[in-house]
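Here the structure is laid out as structure tokens; the discussion comes afterwards.
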Amino acid sequence: MTNHSETTGPYENGDIPGPRHSNGKALVPSVPGADEHQVTLRTPAELADALPYLLGYRPEDSIVLAALRDREGRGRFGGRARLGIPANADDWSCAARQLVQGLVTGSERRGVRPEQMVAYLCQEPAPGETGREVMERLRPLAQRLRVECGALDVPVVEALCISAGRFWSYCCDDQACCPAEGLPMGLPGTSVLAAAATYAGIQVRGSLSDLRARLLPGESASAADRTAALDAAAATLVARILDAEGRSEVARETLESAERIMHRLAGAPPVSGVPAEDLRDDHLLGDDEAAALILGLQDRTTRDRAAGWMEGDEAAPALRLWRALARRCVGPYGEHAAAPLTLAGWVAWSTGDELEAREALAMALGADPDYLFARLLHQACNEGLDPESIRRCLRAEREDRAGGVGQTGPDGGARPEEDTRPDGGAVPDGGPVSHGGDRAGATGLRKPCARREPAPTPQPASARRRRTRGPNPADGTRRRARMASREPRAGLARGRSGSQAEDAGAPGHRSRGDGQ
């Protein structure tokens with residue numbers, strides 16, 4: 001399983017207090033979003049309590065790095081990055097190098113090089129294991145993080161392990177403050193930092209698994225029925241998508257159906273609680289409707305047009321629909337979730353929810369590491385870029401289609417097979433998209449940002465990852481459904497982990513973690 005790194009953003013104007021320098025000078029930065037209210041973190045306990053407020057959620061099975069910088073005598077948290085802890089200890093060295101280099105290089109790219117680091121290892125005990133045993137087992141990983149940071153002249157001033165409701169310091173051996181049995185974590189929301197963060201409007205949105213639950217298929221007795229509906233939709237729609245005229249008809253039907261369901265979701269009565277909201281949306285979406293939409297969105301052009309529902313009254317029901325479709329990608333259709341997950345990530349980012357955006361885009365890359373639209377959006381979101389430039393392009397193309405600009409097909413939209421670009425969108429700079437495979441969408445951008453970078457280096461076909469399944473007559477149909485509208489991928493390297501560690505340009509790393 002692919003393990004995607006996740007840079008949680010620089011947040012240079014909203015930092016939490018850091019520890020003291022080795023020279024004893026206290027660093028007293030401000031709580032995020034409340035620079036006039038300063039909270040000093042002086043102990044490992046206070047640093048452990050700060051972690052959920054740094055990320056916006058409680059990490060699980062994670063390595064977290066928080067960069068520190070000195071400004072006017074105050075230590076301020078800068079960029080933060082998270083990576084799932086690899087299940088195989090042989091991968092720890094690679095994972096530590098990837099995460100450290102990604103965060104340091106990304107911070108340098110933004111003009112703020114970290115001066116120190118705080119490292120966190122978060123993992124719950126396995127059955128029969130204690131928290132202290134977890135701490136000892138992960139000690140070599142903590143040491144690798146310290147070595148990798150030291151190699152870049154960024155010392156780790158504190159490294160903590162959080163497990164089973166307790167925490168341990170790898171940097172302090174003083175039994176008075178850091179006993180061998182660890183110290184209990186404080187009750188959530190009871191610290192001074194929690195009060196200051198609440199005052200500043202900062203929320204901790206549950207755990208990482210809570211975030212993913214909204215986007216993953218659950219354990220349900222209806223999974224077989226949903227797989228059957230997807231098989232039936234694939235058998236009907238794939239042949240039509242492969243036909244030029246039929247493809248335009250499927251695109252029109254898909255978008256009309258999506259709009260109809262969005263209106264249905266928008267008019268649904270409110271319910272209390274996130275699980276209840278998702279269950280309500282699932283009940284409002286039929287298996288056949290969902291299957292047809294999932295297959296229709298495998299067409300690149302259709303997906304790009306659906307991405308135009310990203311603001312105003314359309315954004316909220318669109319996000320609910322993309323989440324619901326991602327939850328319907330069951331069994332052998334897991335890779336099909338890349339399209340709705342990418343759309344969910346895009347709408348979340350466009351509406352200011354960077355936390356859900358990063359997780360949805362990382363999960364899209366977990367479903368399909370070659371999904372370039374997700375890879376580019378994930379990198380742009382991690383780098384703190386403004387999504388407005390993409391929104392402007394989407395608005396312009398929507399207006400062009402409404403005005404009948406360019407050649408039209410049966411649905412009144414641009415005919416993809418006859419346009420300058422295969423996806424039917426206008427290229428803002430007047431030039432063609434340079435790389436093959438999935439494009440950056442209807443925006444026509446090589447990357448979803450003003451800055452362009454070279455396309456990935458091609459790899460020989462023999463180096464590509466091969467997926468295998470047991471014999472199933474429907475497999476060929478499913479594969480054609482995924483590939484029906486994709487460009488040839490000969491010019492696109494199959495990156496193993498999507499946008500992971502892109503700040504560092506490091507090679508991909510496979511293990512348990514993000515993108516599940």
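The values are calculated or read from the model by the stated rules, or taken from the named source; none is laboratory data. It should be emphasised that the depicted structure is a prediction, and the values quoted were computed from it without experimental measurement. Neighbour counts are summed over all protein chains in view; Cβ atoms, including those assigned to glycine, are modelled from backbone coordinates with ideal geometry. These accessible areas exclude ligands, DNA and RNA; they are computed on the full protein's heavy atoms, side chains included. Shrake-Rupley method; radii C 1.70, N 1.55, O 1.52, S 1.80 Å.
Kindly indicate the residue of segment 237-250 that is touching a residue at least 40 places away in the same chain (Cβ under 8 Å) and surrounded by fewer than 17 Cβ atoms within 10 Å (Cβ to Cβ) and also farthest from D299 (Cα to Cα) among those meeting that condition.
Filtering first and then ranking leaves E245.
Residue under question is V134, and the condition is that it be closer than 27 Å to A197 by Cα, in a helix (DSSP H, G or I) and among the β-branched types (V, I, T); does it hold? Spelling it out, it is not the case that V134 is closer than 27 Å to A197 by Cα, in a helix (DSSP H, G or I) and among the β-branched types (V, I, T). Being closer than 21 Å to L51 by Cα and either in a strand (DSSP E or B) or among the β-branched types (V, I, T) (or both): is that true of A96 here? So A96 does not fit the description; no. Cβ separations smaller than 9 Å between residues 6+ apart or across chains give the following pairs from segment 186-213 residues that are more than 19 Å from A45 (Cβ to Cβ) to residues that are modelled with pLDDT of 70 or more and aromatic (F, W, Y): I202/Y53; R205/Y57; G206/Y57; S207/Y57; L208/Y57; D210/Y57; L211/Y57. When you look at A268, is it assigned to a helix (DSSP H, G or I) and either among the hydrophobic types (A, V, I, L, M, F, W, C) or buried (at least 24 other Cβ atoms within 10 Å of the Cβ) (or both), yes or no? Against the criterion (assigned to a helix (DSSP H, G or I) and either among the hydrophobic types (A, V, I, L, M, F, W, C) or buried (at least 24 other Cβ atoms within 10 Å of the Cβ) (or both)), A268 does not qualify.
Conditions tested, residue by residue: (1) open to solvent by 10 Å² or more (accessible area, probe 1.4 Å); (2) among the polar types (S, T, N, Q); (3) under 13 Å from L145 (Cα atoms); (4) at pLDDT below 85.
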{"position": "Y53", "(1), (2), (3), (4)": "yes, no, no, yes"}
{"position": "L65", "(1), (2), (3), (4)": "no, no, yes, no"}
{"position": "L68", "(1), (2), (3), (4)": "no, no, no, no"}
{"position": "G79", "(1), (2), (3), (4)": "no, no, no, no"}
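Of all residues in segment 154-175, one or more are under 27 Å from the mean Cα position of the chain (by Cα), part of a loop (DSSP other than H, G, I, E, B) and either acidic (D, E) or surrounded by 14 or more Cβ atoms within 10 Å (Cβ to Cβ) (or both).
Results for (1) modelled with pLDDT of 95 or more; (2) buried (at least 24 other Cβ atoms within 10 Å of the Cβ); (3) under 19 Å from the mean Cα position of the chain (by Cα), shown as yes or no for each residue.
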residue: R303; (1), (2), (3): yes, yes, yes
residue: A374; (1), (2), (3): yes, yes, yes
residue: D386; (1), (2), (3): no, no, yes
residue: G406; (1), (2), (3): no, no, no
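A quick yes/no check of all residues on (1) under 29 Å from D225 (Cα atoms); (2) in a helix (DSSP H, G or I); (3) open to solvent by 20 Å² or more (accessible area, probe 1.4 Å); (4) hydrophobic (A, V, I, L, M, F, W, C):
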{"site": "L293", "(1), (2), (3), (4)": "yes, yes, no, yes"}
{"site": "A318", "(1), (2), (3), (4)": "yes, yes, no, yes"}
{"site": "P332", "(1), (2), (3), (4)": "yes, yes, yes, no"}
{"site": "R358", "(1), (2), (3), (4)": "no, yes, no, no"}
{"site": "P369", "(1), (2), (3), (4)": "yes, no, no, no"}
{"site": "C381", "(1), (2), (3), (4)": "no, yes, no, yes"}
